[in-house]
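The values are calculated or read from the model by the stated rules, or taken from the named source; none is laboratory data. Since the structure is predicted, the reported quantities are computational estimates derived from the model, not experimental observations. Please note: Cβ atoms are built from the backbone with ideal geometry, for glycine as well, and neighbour counts cover all protein chains shown.
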Amino acid sequence: MLEINFQQIRPYNGGLREAFEELCCQIFHRLPNISDRNFKLLNDSQFQRFRGAGGDGGVEALWILPNGDKWAIQSKYFERDKLEISQFKQLNTSLNAAVKNHPELTQYIFCISFNFTGRTGRGEGEIDKLEEWKKKKLQELASKNIHLSIEFWSESVLRDYLLAVDSGGGLRRYWFDREVMTNNWLQQRLNDAEVQAGKRYFPQLSVNVRAFDALNAFAYQDNWKEKNERYFQEFTDIFQRWNSHVKVDNDLSENSGRIVETITNQLIYLKDILSKDCQSYIDAQKVSLQVSSLVENTRQTEKIFLNALLEEHGKNADTPGFRQFEAEYNCHFPAAKLDTTRDLLKCLEKIFEWINTREFLLPRSQFMLLRGCAGVGKTHAIVDHALHINQKQQICLIFYGEDFTGGEPWKIIINKLGFSGNINRDELWGMIDAAAEATEKSAIIYIDALNESPERRKWKISWLAPLVQQITHFPRLKLCVSCRDTYLDEVFDENLRKKFIEFEHNGFFGREFDAIKQFFEFYKLDPPATPLLQSEFTNPLFLHLICQGIKGLGFSSIPLGSVGFTYVLRLLLEEKNKRIAEVCRYDKRDENVTQAVNALATKMAESKTR
């Protein structure tokens, strides 16, 4: 068992003090998961973490109870294991800041990195000094009508809590084993994965494709957050206008008033959904039905307000000229309700479309399946994305289907990462989870090409379901797998597949021109004189083959004429036949390679194998 020594904790964000603070917060965050009569939180309590030098306001983390009360911790990592005047000054400063910034505090906990001395023959011990200080501070606060409890969690208390919340050992493994999960260690594993990808990944051929955007959504990257925030801001603005122009209108008919009230309640529900943490679970089908109902109610309201406007002001009332005249000469805005309702309808239609996309659902799922046909670029997308988010300090690890033979996936992962055999399953997932929490981001585990496992049927029979179940217990872990379409039924159990948000990689669809340009430049070929419109050019493997064939035959550009799959196959076989004929010294006109490929294809068709 690893020794728990706070003086030997893994450095974090530049130092031991920061590491101790982060560990205390992780323990505090997990305490509701254990049965401890001294720490009982009500359901629906919310955890908040404060980071940044000088930005915590006397509080590192807190729990907000349903009634608004707050329980907070403040860590104190004193390099000298003594409580002296300077240390008590720090306690004073932190407590004063905490009650000022969080008047709802009812429990305040100091986490201190060493054990306190008791009374000695020479006089008071540190425990006595702390109790005296606590008594004095409580009296001082009570005189200001501030009532709260103060606790001190020493090294021993923290150790006991750490053991209680970390039954699997992953938290201890991360914080007290300095050799694993370091930045350099993680970078080396990604470098190894990039090398293993081989010719499936060329960083020079990275094209901005939809699959990359989907992976960004799954990883909850900043560009996805910004997109989501734009939708929310637009909705918030129109909701405020609705409340100002429609909800408060006292001239609404009884029928209009009822439907306006219904819409207002539905908008409140939708605002609550959109304002939630984007990584929290939602019932997507229920939300979609609610928004669909809201859109329909808004359409009905638009018709009601339009008919009322035309009835009161005539058939030309719904025109820009009428609106301008009323605004300039009468300071009157009779179409305000109608215009606001129309703007709301446009906004809701965009939101309805947004919430029914994979990109909306992916951040809220722990599991993603990237699927697609052969050669479409699934491996490239995964490696490219992992390297991208690693640059943004998000933890990620890549494995390949070919790695998995024989044993359970977690054992193979431990071996692949180079861990010693004494690390167990829960330690593995727990240490990755702890590392992810320290970054405030999920950790992404990619397993590319499940179909390339020598025993791929085991994913369906005995591998994937336990792996999914294990990861479910660690909320900061996410699993992204990829699989070729033709093998999905062999690899996935039908019910288990429903746990995954699927995204189909369609290659360079919509970005064909950019892709062709990059590929031809990469192979040092002249770009095509005319646009290549064939659908095959959306497939990266097809582009590789055609460029290799042209290059191998000594051409500098694509020959004029029709270019399709048959042409590329003939071109590739011709180039391979030429090279092999030179090595094996036969007449290239015999076309031995073409004959061999045809014979192989015939045999595969007869035996119905792939």
When you go through (1) more than 22 Å from I4 (Cα to Cα); (2) crowded, with 17+ Cβ neighbours inside 10 Å; (3) in contact with a Phe, Trp or Tyr (Cβ under 9 Å, 6 or more places away or on another chain) one by one for N92, which number turns out not to apply?
(2)
Does Y201 qualify as being outside the structural domain of K70 (by the TED database), surrounded by 18 or more Cβ atoms within 10 Å (Cβ to Cβ), under 26 Å from the mean Cα position of the chain (by Cα) and more than 19 Å from R17 (Cα to Cα)?
yes
N415 being assigned to a helix (DSSP H, G or I), without any contact (Cβ under 8 Å) to a residue 60 or more places away in the chain and touching a strand residue (DSSP E or B) at 6+ places or on another chain (Cβ under 6 Å)
no
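Test L370 against the stated conditions and say whether it is among the aliphatic types (A, V, I, L, M) and surrounded by fewer than 23 Cβ atoms within 10 Å (Cβ to Cβ). Let's see the steps before the verdict.
Details: among the aliphatic types (A, V, I, L, M): yes; surrounded by fewer than 23 Cβ atoms within 10 Å (Cβ to Cβ): no.
It is false that L370 is among the aliphatic types (A, V, I, L, M) and surrounded by fewer than 23 Cβ atoms within 10 Å (Cβ to Cβ).
Each row is one residue, and each column tells you yes or no for (1) at negative phi; (2) surrounded by fewer than 19 Cβ atoms within 10 Å (Cβ to Cβ); (3) not β-branched (V, I, T).
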| residue | (1), (2), (3) |
| --- | --- |
| G418 | no, yes, yes |
| N424 | yes, yes, yes |
| D433 | yes, no, yes |
| Y446 | yes, no, yes |
| P475 | yes, yes, yes |
| C483 | yes, no, yes |
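Taking helices (runs of 4 or more DSSP H) that fall entirely within the stretch 162-228, which contain at least 2 residues that are closer than 29 Å to F537 by Cα? Spell out the reasoning first.
Values: elements: 170-176, 183-197, 210-219.
Passing ranges, in order: 183-197, 210-219.
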Evaluate the stretch 30-37: report whether one residue or more is in the same structural domain as T106 (by the TED database), at pLDDT below 90 and at positive phi.
no
Selection within the stretch 99-137 - more than 18 Å from K89 (Cβ to Cβ), surrounded by fewer than 17 Cβ atoms within 10 Å (Cβ to Cβ) and touching a residue at least 12 places away in the same chain (Cβ under 8 Å)
N101, P103, E104, T106, N115
Cβ pairs under 9 Å, 6+ apart or interchain, first in the stretch 596-608 and in the same structural domain as R570 (by the TED database), second of a type in the set (A, V, I, L, M, F, W, C), ordered by first then second residue, are V597/L569; V597/L573
